[in-house]
Amino acid sequence: MTDLSEQPPAGPLAGIKVLDFSRILSGPYASMVLADLGADVIKVEAIETGDDTRNFPPFLGGLSHYYIALNRSKESISLDLKSAEGQQIAKDLAQGCDIVLENFRPGVMDRLGLGYEALRQVNRQLIYGSITGFGADSPLGSKPAFDIVAQALSGVMSVNCEPGQPPNKLGIPLGDMAGSIFSLFGLLASLHERNATGQGKHVEVAMLDSMIALQGYLSQIYFVSGESPRPVGTQHPSIVPYGAFPTSDGHVIVACLTDRFWHNFARSLGREDLIEDARFGAYQARLDNRKALDAIIQDRMTRDTTGYWLERLETFDVPSAPILSIGDALEQDHVIQRGLVETVIHPSVGAMKLVRGPIRFNGIGPAQARAPALLGENTSEVLSRELSLSPAQISELAAKGVIGGA
């Protein structure tokens, strides 16, 4: 077993510099992953308020849970981007960076003089990532977009409920995260291309486009049948049995994606006869007779406890799981054994737990994370290191209100 305490000296993106103008979730998640992979990320925040998520309760010693979750291992500088001097500082920083990331509405960065065309004039190798709700050429382009908006317009909410119940949003902010994840694909692919061409590129990703791309087989159900998929709750629109089944004291997830697993499940129920039953023998037959089969399964499983069924289903090699709370999920043996939670020390809060990045290289995960920075905590250091500004120059900028945190 690999010793997760072994940390690489640097990640595969060591030496890559990222200037991150993004806030809330869709951009910060992407820049955090880049930091996990070894990139140096400089987060640019507004002087007075910083990233909006710094103000979202609940708090740990004054630091927002939301900000903590998305901003590990980054430096923070606070900068007035509405001032000419602040814009020039941002442009000077971009000149020495490999990636710029932003998630404002289309046109905002152009009005600040920090759009792609402006920054590529000072850095032809720059890869410029823009995450928007809908894209500049969308009829919805100027509409504000948040996670739930993207989820609603993607169709995903319409199927995320039990039959006959109101639509519901996904429990995780996938509308935001989808844009973030697809932007990472584009940024990393562009880095690879730049190694060959020496030229940067504008990588544009829309949250709604990303959610449409994640429909998977649901879009093909519509294209093939001409009908939109209907909500099936925890069940599957075309595979039976699949979903949450009641026990005497809770529920158990069962997922029989293949005939082999269906046969194993039938045997675990003590109902091997179901395998040869014409109503349940083939995929389509089980789908056509879902209600009848569900009734048989429910009648048997409600006679015994969740613990009984989890043990029995494992014995019969049936894909299955308990339904854990977030707390139980974070405390389970898998998370502990895989080292998915780590403790870092914050300068004002002290010890705090963070979820660790999931990517491993040669069996070793990301290097120890750094605690999320205080607002503008690294302003002086970054301006001195990256732009060679003197303490006197930094003090003058702070006195003018161009920078904060100095």
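A short reminder: the numbers here are calculations on the coordinates, not readings from a lab. What you see is a predicted model; the values in this text were computed from it and never measured. Quick reminder, even Gly has a Cβ in these numbers, built from the backbone with ideal geometry, and neighbours come from all protein chains shown.
The table below gives the values:
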read-out	value
Set of segment 349-380 residues, backbone N closer than 14 Å to the point 7 Å along the Cα-Cβ line of A329	355-356
Farthest toward positive dipole pole in segment 242-324 [+1 Lys/Arg, -1 Asp/Glu at C-beta], among A278, V318, S248	A278
Stretchable slack from T258 to Y283, in nm (0.36 nm times residue separation minus alpha-carbon distance)	8.1 nm
Computed label-point distance, nm, for sites I212 and H251 using a 7 Å Cα→Cβ extension	3.2 nm
Interchain or long-range residues, amide H under 5 Å from L60's placed H	H65
Cross-link reach list, lysines versus K43, counting only Cα pairs under 29 Å and skipping chain neighbours closer than eight places	K17, K74, K82, K91, K143, K201, K353, K400
Förster-model FRET efficiency, 22 Å R0, S395 and K82, C-beta, rounded to 0.05	0.55
Given charges at beta-carbon only (K, R positive; D, E negative), |dipole| of segment 117-252 in Debye	340 debye
Contour excess over end-to-end distance, with Cα ends at S384 and N168 and 0.36 nm allotted per residue	72.9 nm
Compactness relative to 2.2 N^0.38 Å, alpha carbon Rg of the chain	1.18
Size of electric dipole in segment 1-125: Cβ of Lys, Arg +1 and of Asp, Glu -1, about Cα centre, debye, nearest 20	300 debye
Cβ-based charge dipole, the chain, positive-most Cα from N378, G107, V232	G107
Computed [θ] at 222 nm, deg cm²/dmol, the chain (DSSP H ≥ 4; -39,500 (n - 2.57); rounded to nearest 500)	-11000 deg cm²/dmol
Placed amide H near E45: partners under 5 Å, 5+ positions off or other chain	I77, S78, L79
Estimated D of segment 242-324 in µm² per second, where Rh is the Kirkwood radius over Cα pairs and Stokes-Einstein applies at 20 °C, 1.002 mPa s	170 µm²/s
Projected label distance in nm at D110 and E272, using a 7 Å step from Cα toward the beta-carbon	7.1 nm
Rule-of-thumb Rg ratio for segment 139-288 [Cα; 2.2 N^0.38 Å; N residues]	1.40
In Hz, Karplus ³J(HN,Hα) per residue of segment 234-248 (6.51, -1.76, 1.60; θ = phi - 60°; x = Gly, Pro)	7, 6, 10, x, 9, 10, 9, x, 6, x, 8, 10, x, 10, 6
The chain - charge dipole about Cα centre, Lys and Arg +1 at Cβ, Asp and Glu -1, debye rounded to 20	420 debye
FRET E, pair E227, Q298, Förster distance 30 Å, beta-carbon r, rounded to 0.05	0.65
For segment 361-406: span of alpha carbons on each principal axis (Å, largest first)	49, 21, 12
Extension reserve of the K291-Q337 stretch, reckoned as 0.36 nm per residue once the Cα distance is removed	12.6 nm
Gaussian network model of the chain, springs between alpha carbon atoms under 10 Å - residue of V33, V205, V344 with greatest fluctuation	V344
Dipole of the chain, positive direction: furthest Cα of H65, L354, V41, with charges on the beta-carbon	V41
